[in-house]
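Let me begin by presenting the structure, written as structure tokens, before commenting on it.
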Amino acid sequence: MGLLSKLFGGEKKSHPYCTALVPAAGASSRMEGQDKLFVYLSGIPVLARSLQALDQCDLIDEIVVATRQESILKVSDLCRDYGIQKPLKIVEGGATRAESVLKAALQASADADFFAVHDGARPLVEQTTIKAVIECAYRCAAAAPAAAVKDTIKIA
């Protein structure tokens, strides 16, 4: 929002500013040398699907991806190739998920009122889930999605 708009009440925000933080710096240690973020799922890389879901949500204003240093250019190319339109930053992640989320949060816009944290390796999230969690966070100051446990869990 520009200075004149702030002074004279021009642009009105339709919702609080929300930055999606995407930790995507994991080692994919159980994938036998493959980086699961770049594995294709029905013709599109897993990370691209995750970012497209966030990009399509009208409650998200910007996206910050925290990835491994050696993947920064690859993630940048992926965002271009798969048409990510929202303002985007790609930063070096940390040694842990929490550190990656923090590094992404520190690079978010100063306008951010809320953060939506979504792992890069969760490509099947639905718009209804993203919106419901963000709207709940507006009301309660924090929110997280939960799904009922299926009875297929096995103890080994």
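The values are calculated or read from the model by the stated rules, or taken from the named source; none is laboratory data. Quick caveat: nothing in here was measured; it's all calculated off a predicted structure. We place every Cβ from the backbone using ideal geometry, glycine too, and count neighbours over all the protein chains shown. With ligands, DNA and RNA removed, areas are computed over all heavy atoms of the protein, side chains included. Shrake-Rupley method; radii C 1.70, N 1.55, O 1.52, S 1.80 Å.
Small (Gly, Ala, Ser), over 14 Å from residue 20 (Cβ atoms) and out of contact with any Leu (no Cβ under 9 Å at 6 or more places or on another chain): does that describe residue 148?
Details: small (Gly, Ala, Ser): yes; over 14 Å from residue 20 (Cβ atoms): yes; out of contact with any Leu (no Cβ under 9 Å at 6 or more places or on another chain): yes.
Judged against the criteria, residue 148 is a match.
Taking the criterion of being free of Cβ contacts under 8 Å to residues at least 40 places away in the same chain and closer than 16 Å to residue 27 by Cβ, the residues of the range 87-106 that qualify are 95, 96, 98, 99.
Among the residues making up the range 107-146, those that are free of Cβ contacts under 8 Å to residues at least 12 places away in the same chain and farther than 26 Å from residue 43 by Cβ are 110, 136, 139, 140, 141, 142, 143, 144, 146. For the structure I just gave you, tell me whether residue 146 is over 14 Å from the mean Cα position of the chain (by Cα) and over 16 Å from residue 68 (Cβ atoms). Spelling it out, residue 146 is indeed over 14 Å from the mean Cα position of the chain (by Cα) and over 16 Å from residue 68 (Cβ atoms). Of the helices (runs of 4 or more DSSP H) that lie entirely inside the range 1-107, those containing 3 or more residues that are modelled with pLDDT of 95 or more and open to solvent by less than 20 Å² (accessible area, probe 1.4 Å) span 46-55, 72-81.
Go through the range 108-131 and report how many residues are of a type in the set (Asp, Glu), over 18 Å from residue 15 (Cα atoms) and surrounded by fewer than 17 Cβ atoms within 10 Å (Cβ to Cβ). Before the answer, list the steps.
Residues of the range 108-131 of a type in the set (Asp, Glu): 111, 113, 119, 126.
Now drop any that are not over 18 Å from residue 15 (Cα atoms), which leaves 119, 126.
Now drop any that are not surrounded by fewer than 17 Cβ atoms within 10 Å (Cβ to Cβ), which leaves 126.
Going through the range 108-131 one residue at a time, the tally reaches 1.
Every condition in (1) touching a Leu at 6+ places or on another chain (Cβ under 9 Å); (2) at pLDDT below 95; (3) open to solvent by 50 Å² or more (accessible area, probe 1.4 Å) holds for residue 142 except the one numbered (1).
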